[in-house]
1. How much accessible area does A:Arg33 have with a 1.4 Å probe, in Å² rounded to the nearest 10?
2. How large is the Rg to Rh ratio of chain A when both quantities use alpha carbon positions and Rh follows Kirkwood?
3. With the Cα gyration tensor of the range A:113-164 giving a ≥ b ≥ c as the square roots of its eigenvalues, does the rule (a/c under 1.5 for rounded; else a/b larger than b/c for prolate; else oblate) give rounded, prolate or oblate?
4. How many percent of the accessible area of the range B:1-156 is carbon or sulfur, using a 1.4 Å probe?
5. Quick one: of the DSSP bridges fully inside the protein assembly as shown, what percent are antiparallel, nearest 5?
6. Report the GluC sites (Glu not before Pro) located in the range A:29-111 that are in a DSSP loop and have at most 13 other Cβ atoms inside 10 Å of their Cβ, or state none.
7. Give the accessible area for B:His95 in Å² (nearest 10); use a 1.4 Å probe, count only protein heavy atoms, and leave out ligands, DNA and RNA.
8. Need one number: nm distance between label points at A:Asp132 and A:Asp55, each 7 Å from Cα along Cα→Cβ, rounded to one decimal.
2 protein chains.
Amino acid sequence: MGVGMAKATKKKTAAGVHDHRRCVNRALSSAERACETQGKRLTPLRRRVLELIWDGHAPVKAYDLLRTLAQEHAGAAPATIYRALDFLQDAGLVHRINSQNAYLGCNASDHPHVGHFLLCTSCSNVVEFENDGLAALIDEQARAQGFHVDRQTVEVMGLCRSCQ
Amino acid sequence: MGVGMAKATKKKTAAGVHDHRRCVNRALSSAERACETQGKRLTPLRRRVLELIWDGHAPVKAYDLLRTLAQEHAGAAPATIYRALDFLQDAGLVHRINSQNAYLGCNASDHPHVGHFLLCTSCSNVVEFENDGLAALIDEQARAQGFHVDRQTVEVMGLCRSCQ
DNA sequence: AATGCAATGTTATATTGTAACATTCATAAC
DNA sequence: GTTATGAATGTTACAATATAACATTGCATT
């Protein structure tokens, strides 16, 4: 199927497909390094789940992952997915988008950072952004109220450039 | 039950109870005004759900509301609660805390504002805060990436002053 | 080989949220 | 006052998301 598709749409999408494939591979390599560093085990199952998450451009639902995984992995059940997701989140390889009950590969697992996202309500694409000033301002505001910050999430809903 | 309790703990909590009662009443009055202004109908059912939300200090789960409501309202079903919650959110009287699947009364329904929260992971209390600079910075960051913002939510997890 | 712990398998169930259609209620038009 | 209308609620069923609990497997160390 992959071959036929590739031929049929070669000129227009082949490069894009390969780019994306490269991007996924880069993410997986980076994930392996990150786990090595953290002394965590990126087992084949966990690695495969991470790969499935990266396969799409938008956040993925747990049960969509499950349906896909089940086609290639007999014992797949909800716990299978949720355990993998828990591991991947702990390892900083995946973020949960709370407003969507969905999961997104993290492209910056090599350094600590907070979860700040722009969510397009039209095309469902999500981009993670980093803004140290923003993180600092949130921290400062919290401290001013005597609050000790462990974690912060920012989810911004709206329209991406191409959907406006 | 209420009377016995009140007597048993009169000195220490009676004032607090009354303060909270006053606070709830203020919120309900304010909600009535807000609906009047917006041309929306705060029916007895919706008003009661809002009151139940305000009864606790922490965000409330939909099915907890349902259990409580069901004791006094025969036809209460999930849809009953979710419809009321949808209405109250549209009217700006209630916020949803995405990271907890829980709902919180809004103390500033008289003016437009964004949903910024400090969530204590120890005592479960939540405080909403307003920081125009923060909202503006988020907006600016988004615009810089060509993103048009409709709504923003900030959820900060950590420890409140008294839980540190 | 024996032990122990992490990872996964397996089954069941809890929690959260919607869909779809029927009925009731308030309001305005007649 | 009746009637037409749409909003609100009642009612039943089910979908979607997530966790609990215990069994089994696999891997690393002794």
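1. For A:Arg33, solvent-accessible area is about 150 Å².
2. 1.01
3. Details: a/c = 3.05, a/b = 2.93, b/c = 1.04.
Because a/c hits 1.5 or more and a/b exceeds b/c, the range A:113-164 counts as prolate.
4. Numbers: 4520 of 8690 Å².
Its accessible area is 52 percent carbon and sulfur atoms.
5. About 70 percent, rounded to the nearest 5.
6. Values: sites: A:Glu32, A:Glu36, A:Glu51, A:Glu72; in loops: A:Glu72.
Answer in residue order: A:Glu72.
7. Rounded to the nearest 10, that gives 30 Å².
8. Taking the two extended label points, one gets 3.8 nm.
The values are calculated or read from the model by the stated rules, or taken from the named source; none is laboratory data. Since we're looking at a predicted model, the values are computed, not measured. Because the Cβ atoms are built from the backbone with ideal geometry, glycine has one as well, and the counts that use them run over all protein chains shown. Heavy atoms of the whole protein, side chains included, go into the accessibility calculation; ligands, DNA and RNA do not. Shrake-Rupley method; radii C 1.70, N 1.55, O 1.52, S 1.80 Å.
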